[in-house]
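Below is one structure, written out as structure tokens; comments come after it.
Please treat every number below as a calculation from the coordinates, not as lab data. Here the structure is a predicted model, which means the values were calculated and not measured. Cβ: placed from backbone, ideal geometry, glycine included. Neighbour counts: every protein chain shown.
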Amino acid sequence: MTGSKMDRGELSDIQQEEEGTGGSIDVRLDEAARRGLTGTARADVYEPTRDPDDISRAPDPADELDPPRWRRDFPIDWPKDEFVARRDFAKFLVLTSCAFAAGQGWIAAQHLVRHRRPAPPARVKIASMRDVPVGGVETFSYPTDRDRCVLVRLAEGELVAFNQACTHLSCAVIPKVAEGVFLCPCHEGYFDLRTGKNIAGPPPRPLVRILLETEGDDVYAIGVEERTVA
Amino acid sequence: MTTRKPHLTRAQRTTIVNGIVCFVLVLVLLQLWLLTATMNAFLGGDTSVVLPALGASLVCLALSAGLLRYI
């Protein structure tokens, strides 16, 4: 074969490929000697062939080409069923991904709502030194009436105050002054009495600390300190 | 010129779906970790991570949803 004839043959095959009418692939690749080599492919690689895993036949032959939705979703053969199960599991995972993203959105919305809340009262008198002996405990509400807090006088000039809500599930913690801990009775959570640090049990964070100021005998709450670590 | 996709057997497609499932699973676990870490930080008063974590979670969701196109 001369060079010009081969060129015409190649051109004709390429044109057939482009027009979608050709049944074979590039003649330069489709030779017996090149079978199995890189660049060689089956002539029917682009043709719809019957999958060897398709064991069962639909009663209506027309269903073979365009099966109804229910037949695709509830296959009889195991290989098909495995494929559908994996595909549906992937879809379920993406749905879970949506739920997690929605959760993040909810946190961001809460952040914006908190940002717009009015600031807590700057300075509120919560107790008098005369009413709280050394080792004594006093409860109060700060910054709102719903935020129950506990004031503990550890030594003569040492006062600490924390929000009573456990950082696990918001049960009220109980001060155990003799043992130096706050105990959450719901799930046996323990916090250090001096620092509010979570030291045992399920609580993930320290107690919310109430910042204090003393003036004479009077004790004032001046702020709230939320912490991830003590 | 039209692009024709090679016909894949169901076994080959199942392998592709398995790969996609593994990838999406990693992304979902990353989102779970992001959610718990962000919740802990937010309740602990550290709000600086909230918006970056939301962005990262949305990127994970977009990647997961984008991979569904190949199933």
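So what's the back-of-envelope 222 nm ellipticity for chain B, counting only DSSP H runs of four-plus at -39500 (n - 2.57) apiece and dividing by all residues, rounded to 500?
Numbers: 2 runs with 53 residues, N = 71.
Value at 222 nm, helices only: -26500 deg cm²/dmol.
Sequence-distant or interchain residues sharing an amide H contact under 5 Å with A:Phe182, placed H: which?
The answer is A:Lys176, A:Phe191, A:Asp192, A:Leu193.
For segment B:3-70, which trypsin sites (Lys or Arg not before Pro) pass both filters: DSSP loop (anything but H, G, I, E, B) and at most 14 other C-beta atoms within 10 Å?
Answer in residue order: B:Arg4, B:Arg69.
Taking 1 over the mean of 1/r across every pair of different Cα atoms in segment A:56-117, what Kirkwood radius in Å do you get?
For segment A:56-117, the Kirkwood estimate is 15.1 Å.
Could you list the trypsin sites (Lys or Arg not before Pro) in segment A:119-189 that lie in coil according to DSSP, counting only those with at most 13 other Cβ atoms within 10 Å of their Cβ?
Numbers: sites: A:Arg123, A:Lys125, A:Arg130, A:Arg146, A:Arg148, A:Arg153, A:Lys176; in loops: A:Arg123, A:Arg146.
Sparse-neighbourhood loop trypsin sites (Lys or Arg not before Pro): A:Arg123, A:Arg146.
Rounded if a/c is under 1.5, else prolate if a/b beats b/c, else oblate: with a ≥ b ≥ c from the C-alpha gyration tensor eigenvalues square-rooted, which is segment B:24-68?
Oblate.
Trypsin sites (Lys or Arg not before Pro), restricted to segment A:177-230: which are DSSP loop and have at most 15 other Cβ atoms within 10 Å?
For trypsin sites (Lys or Arg not before Pro) across segment A:177-230 that sit outside H, G, I, E and B with at most 15 neighbouring Cβ atoms in 10 Å, the list reads A:Arg194.
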